Amino acid sequence: MLLRLFYYLIAAPLLFLLRLLFWPFKILLRVLRWMFLRMGAYRRFRKADFDRMDGWEFEEYIAELLLRNGFIHVEVTKGSGDQGVDILAQKDQISYAIQCKHYTSKISNKAVQEAYAGAKFYGCEVPVVLTNSYFFPSALELGDEIGVELWDREELKRLVRRAKRKKEA
């Protein structure tokens, strides 16, 4: 009986007052944690060094980059049997079939041919070859001739800058 009386008269009101006193700090810590986690993801995206990624990480990074640049329905295709297309995306009612090439050397005609065939296979309107490198002149010529967009390292950097600006705005 005495223990129950102590709980109802002293302990419970004291615990209630402590809870009221520390509630704003609890909410503040939750908000700060949420902001820290969100900014951490942004920093990881911003500081991503696409030259040090492996092929799979590069494809995932490009998919996130396309989403941040206004593309919708961005889908990374399965690893094998993808018919030369790594990412399917859509922007302004136009469907894109994107072949990602994470190379240290220049990109040849083969990638352009794969992107063209893959776009036809998936029924996409615009085939794209995107790389962290550059293209051989013969690949540039073939791309112009058959209508494959070639996005080299400079275009990739532009996509990254646009994604940063949209995030900051």
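The values are calculated or read from the model by the stated rules, or taken from the named source; none is laboratory data. Fair warning: this is a prediction, and the values are worked out from it, not measured in the lab. Using ideal geometry, Cβ is built from the backbone for each residue, glycine included, and neighbour counts are taken over all protein chains shown.
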Among residues of region 136-152, those that are under 12 Å from Tyr116 (Cα atoms) and in contact with a Phe, Trp or Tyr (Cβ under 7 Å, 6 or more places away or on another chain), counted: 3
Out of all the residues in region 12-57, which are closer than 29 Å to Lys78 by Cβ, part of a helix (DSSP H, G or I) and modelled with pLDDT of 80 or more? Gly55, Trp56, Glu57
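Show me the helices (runs of 4 or more DSSP H) found entirely inside region 93-169 where at least 2 residues are surrounded by 19 or more Cβ atoms within 10 Å (Cβ to Cβ) and at pLDDT 90 or above.
Details: elements: 109-122, 137-146, 153-168.
The qualifying helices (runs of 4 or more DSSP H) are 109-122, 137-146.
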Is it the case, given these coordinates, that Leu66 is surrounded by fewer than 21 Cβ atoms within 10 Å (Cβ to Cβ), assigned to a helix (DSSP H, G or I) and modelled with pLDDT of 90 or more? no
Please go through region 105-127 and pick out each residue that is within 14 Å of Gln90 (Cβ to Cβ) and among the β-branched types (Val, Ile, Thr). Val126
